[in-house]
1. Among the candidates GLU26, GLU101, GLU77, GLU67, single out the residue that is touching a residue at least 24 places away in the same chain (Cβ under 8 Å), on the phi < 0 side of the Ramachandran plot and charged (D, E, K, R).
2. Have a look at ALA129, ALA89, ALA145, ALA134 and point out the one that is at pLDDT 95 or above, surrounded by fewer than 11 Cβ atoms within 10 Å (Cβ to Cβ) and more than 30 Å from GLN69 (Cβ to Cβ).
3. Run PRO17 past the list (1) closer than 22 Å to GLN69 by Cβ; (2) without any contact (Cβ under 8 Å) to a residue 24 or more places away in the chain; (3) open to solvent by 60 Å² or more (accessible area, probe 1.4 Å) and report the number of the one that doesn't hold.
4. Can you pull out every residue in the stretch 148-165 that is open to solvent by 60 Å² or more (accessible area, probe 1.4 Å) and either in a loop (DSSP other than H, G, I, E, B) or without any contact (Cβ under 8 Å) to a residue 12 or more places away in the chain (or both)?
5. Looking at (1) open to solvent by 90 Å² or more (accessible area, probe 1.4 Å); (2) touching a Leu at 6+ places or on another chain (Cβ under 6 Å), find the lone condition where GLN103 falls short.
6. For the stretch 48-69, check the following and say yes or no: at least one residue is exposed (fewer than 12 other Cβ atoms within 10 Å of the Cβ) and under 13 Å from the mean Cα position of the chain (by Cα).
Amino acid sequence: GLVRGLLPNQRDLPALPETITLTDEEAVQAAVVQYELLTDTQKALVPNKDVLDAAKQAIADLQTAAEQQAAIQKENEAIAKAVEETIAALPTELTLENATEVQDATAKYNSLTDVQKALVQNKDVLDAANDNIATLQAKKEADEAAAKAVAEQITALPALLTLDAKEAVQNAKAKFDL
């Protein structure tokens, strides 16, 4: 329950909750001030000073935890910002020569924690870059396959061309002209 009447005969002393949070800091400070205003004899008569001490320690611990959390948040923001800058540095007009840059940016993003990933504001740019590289790679592979097919047709042409080979030459040339 609540710690009521921390000091004997003091009705205006703030009641302290059993579980202290940072929002209770003012109430704890007010109770400390009330306690400090007592004479040594009166202080000795306070039966639950340990509750006040525990509340003061809880506030100090909570402040330390809040500071640590703020430091972690600041570090997460800095790490996410570095990845955002890597993504922002990717060229807007990508070629397959940029594939390594896109892969590096993706690897950096993937190395982040979920909290850090949530802080990256330009993930859509990275996704688009990956899609673009995949499209370019697929086109390159299709081009290579088409070139290989034509090369195979050319290789299949007889070494000594005659009028009989005219149709085969025209077929190879038609595929080459595509």
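1. GLU77
2. ALA89
3. Against the list (1) closer than 22 Å to GLN69 by Cβ; (2) without any contact (Cβ under 8 Å) to a residue 24 or more places away in the chain; (3) open to solvent by 60 Å² or more (accessible area, probe 1.4 Å), PRO17 comes up short only on (3).
4. Passing the criteria: LYS148, GLU152, THR155, PRO158, ALA159, LEU160, LEU161, THR162, LEU163, ASP164.
5. (2)
6. Checked against the condition, which is being exposed (fewer than 12 other Cβ atoms within 10 Å of the Cβ) and under 13 Å from the mean Cα position of the chain (by Cα), the stretch 48-69 yields no hits at all.
The values are calculated or read from the model by the stated rules, or taken from the named source; none is laboratory data. No experiment lies behind these values; they were computed from the predicted model shown. Positions of Cβ are backbone-derived with ideal geometry, glycine not excepted, and every protein chain shown enters the neighbour counts. Side chains included, ligands, DNA and RNA excluded: accessible areas come from the protein's heavy atoms. Shrake-Rupley method; radii C 1.70, N 1.55, O 1.52, S 1.80 Å.
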